[in-house]
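Taking it in order: structure first as C-alpha cells, then the write-up.
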Amino acid sequence: MKKIEYNNNKNIIYKQLKAARENAKMSQSELAAKMQVLNVNIDQQMISRIEKNMRIVTDYELASFCKILKISEKDMLKDYDAGFTQ
C-alpha cells in the first residue's frame, strides 16, 4: 500500500491541533472523550500520534476537532494555506 504523505507530513494540522487543544486547556484524553461523544472512534494515543505528525487525519476527524475546540477549519489548516500564499 502506498504511503499517504504531503511534503513528508502525515497531516498538516498537527501544530494547530496541539495549540488549539492546549489553548482550550484540554488534555488529549479529554479531547478523545469528546470525540467519542460525537461518535468518532479515536483515543488518546491516536491524538498523540496526530500531534506528533505520525498519523493521517480524516475529514470527519478534522470537522469534529474544529467543532470541539471551537476553531474554524480555515484556522486549523492555516499552515497549509501559508505554503501557497503569493
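Each value in this text was obtained by applying a stated rule to the coordinates, not by laboratory testing. Because the structure is predicted, anything quoted here is derived from the model rather than measured. As a convention, Cβ positions derive from the backbone with ideal geometry for all residues, glycine included, and neighbour counts pool all protein chains shown.
Of all stretches in the chain that contain no trypsin sites (Lys or Arg not before Pro) in a DSSP loop with at most 15 other Cβ atoms within 10 Å, the longest one is 26-51. Only lysine pairs 8 or more places apart or on separate chains count here, and in the chain those with Cα atoms under 14 Å apart total 12. In degrees between 0 and 90, to the nearest 10, how far off the longest principal axis of the chain does helix 59-69 point, with axes built from Cα atoms? Approximately 60 degrees, to the nearest ten.
Taking the C-alpha atoms only, the angle from helix 28-37 to the longest principal axis of the chain is near 80 degrees. Which of rounded, prolate, oblate describes the chain, given a ≥ b ≥ c as roots of the alpha-carbon gyration tensor eigenvalues and a/c under 1.5 marking rounded, otherwise prolate only if a/b is larger than b/c? Because a/c hits 1.5 or more and a/b fails to exceed b/c, the chain counts as oblate. Once the Cα atoms of helix 14-23 and of the chain are each reduced to a long axis, what angle between those two axes, in degrees from 0 to 90 to the nearest 10, is obtained? Roughly 40 degrees, rounded to the nearest 10.
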